[in-house]
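Visitor: To start, I am sharing the structure in question, which I have written as C-alpha cells.
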Amino acid sequence: MKYGKRQLILASLVLALGAAVYLNWQFAGTKVQSAGDVSEESASSALGAAQLVNNAYVETVSDTPMNEDGVLPETEPADGAAESSAAEETAAAVSASAKLSDARLTRQTARDEAMELLEDILKDDSAEVAVKQAAVDEAAVIAQNILKETNIESLIEAKGFTECVAYINGESCTVVVNGDMEDEQNALIVRDIAVSESGVSAENVKIISAAK
C-alpha cells in the first residue's frame, strides 16, 4: 500500500503527540492517558497543526499534479529556451568571425605573394628598365588599393555593420560583410560604397555575407 505525503504528515503529528504524552508521564509521574482521556485542548492543537500543514501543502502543490507515486513531476528550466537562443547566437558570431578572418588571410596572402614577386624584379640586375618601372607602377597600385580597401571598410562600418573586409584585385572588388546581405537595402548600401571608393563598375562588385 502506498502512502501519500499528506498521510505521512498526519502520522508524524500523531506520533509526536504520543511522544509528548509519554514524556509527560515519564518525568511528572502521571499516568499515561488513553486516547479518550487526552484533553480537548491537546487534540484541538494537534488537529490545528495538521490542518495548517495540510493547507500549506495543498496551496503549494494544488496547481501541479502528482504522478502515480505521489511525486511532483520534474519540469524543465524556464530559461532553457533563452540559453538555447544564446548558444545559437554565439555559434553564429563565431562562424562570422571565422569567415572574416579567412577573408583577411586570403587577401594578405595574395598581396604578400604579389609584393614578393615585385621585389624580386626590382632586385634583379638583369631586368630591363621598363620591366622594373612596371613593377614600381604595380606596387603603387597595390598601395592605392590598400588605401581604398581601408576607406571602404570604414564607411561600411559607419553605416552600422559591425565588421567587413574589402579586397580589390584588378577590375573587381570583393566585400565580406558581417550582416544580412540578402536584404536589398543593405546590399545596395555596401555596393554603392564599394563602387564609389574602388572605382570598379557595380557588376564587378561581389558582396558576401559572413552571417550566413
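Visitor: So, in the range 200-212, of the ones that are of a type in the set (D, E, K, R) and modelled with pLDDT of 95 or more, which residue ends up surrounded by the most Cβ atoms within 10 Å (Cβ to Cβ)? Even if it seems obvious, please write down each step before you answer.
Guide: Step one: filter the range 200-212 for residues of a type in the set (D, E, K, R), giving 203, 206, 212.
Next, only the ones that are modelled with pLDDT of 95 or more stay: 203, 206.
On the way: Glu203: 9, Lys206: 13.
Among those residues, the one meeting the criterion is Lys206.
Visitor: On the basis of being modelled with pLDDT under 95, of a type outside the set (A, V, I, L, M) and either in a helix (DSSP H, G or I) or touching a Lys or Arg at 6+ places or on another chain (Cβ under 8 Å) (or both), does Thr106 make the cut?
Guide: Details: modelled with pLDDT under 95: yes; of a type outside the set (A, V, I, L, M): yes; either in a helix (DSSP H, G or I) or touching a Lys or Arg at 6+ places or on another chain (Cβ under 8 Å) (or both): yes.
Yes.
Visitor: Go through the range 176-185 and report how many residues are touching a residue at least 12 places away in the same chain (Cβ under 8 Å) and either loosely packed, with under 15 Cβ neighbours inside 10 Å or out of contact with any Leu (no Cβ under 7 Å at 6 or more places or on another chain) (or both). If you could, list the steps in order and put the result at the bottom.
Guide: Taking the range 176-185 and keeping what is touching a residue at least 12 places away in the same chain (Cβ under 8 Å), we get 176-182.
Now restrict to residues that are either loosely packed, with under 15 Cβ neighbours inside 10 Å or out of contact with any Leu (no Cβ under 7 Å at 6 or more places or on another chain) (or both): 177, 179-182.
Looking only at that region, the number is 5.
Visitor: Identify all residues within the range 169-185 that are touching a strand residue (DSSP E or B) at 6+ places or on another chain (Cβ under 8 Å) and not in a loop (DSSP other than H, G, I, E, B); write none if there are none.
Guide: Step one: list which residues in the range 169-185 are touching a strand residue (DSSP E or B) at 6+ places or on another chain (Cβ under 8 Å), which gives 172-182.
Across the range 169-185, the qualifying residues are Ser172, Cys173, Thr174, Val175, Val176, Val177.
Visitor: Also, quick follow-up: Condition check: over 19 Å from Leu105 (Cβ atoms), over 35 Å from the mean Cα position of the chain (by Cα) and of a type in the set (S, T, N, Q). Does Gln144 satisfy that? Don't jump to the end; show me each part of the working.
Guide: Values: over 19 Å from Leu105 (Cβ atoms): yes; over 35 Å from the mean Cα position of the chain (by Cα): yes; of a type in the set (S, T, N, Q): yes.
Spelling it out, Gln144 is indeed over 19 Å from Leu105 (Cβ atoms), over 35 Å from the mean Cα position of the chain (by Cα) and of a type in the set (S, T, N, Q).
Results for (1) closer than 20 Å to Leu100 by Cα; (2) open to solvent by less than 60 Å² (accessible area, probe 1.4 Å); (3) at pLDDT 95 or above, shown as yes or no for each residue.
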| position | (1), (2), (3) |
| --- | --- |
| Asp125 | no, no, no |
| Gln133 | no, no, yes |
| Asn145 | yes, yes, yes |
| Thr150 | yes, no, yes |
| Ser154 | yes, no, yes |
| Ala166 | yes, yes, yes |
| Asn169 | yes, no, no |
| Thr174 | yes, yes, yes |
| Ser198 | yes, yes, yes |
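The values are calculated or read from the model by the stated rules, or taken from the named source; none is laboratory data. These figures come from a predicted structure and were not determined experimentally. No Cβ is skipped: glycine too gets one built from the backbone with ideal geometry, and neighbour counts run over all protein chains shown. The area values use the complete protein model at the heavy-atom level, side chains included, leaving out ligands, DNA and RNA. Shrake-Rupley method; radii C 1.70, N 1.55, O 1.52, S 1.80 Å.
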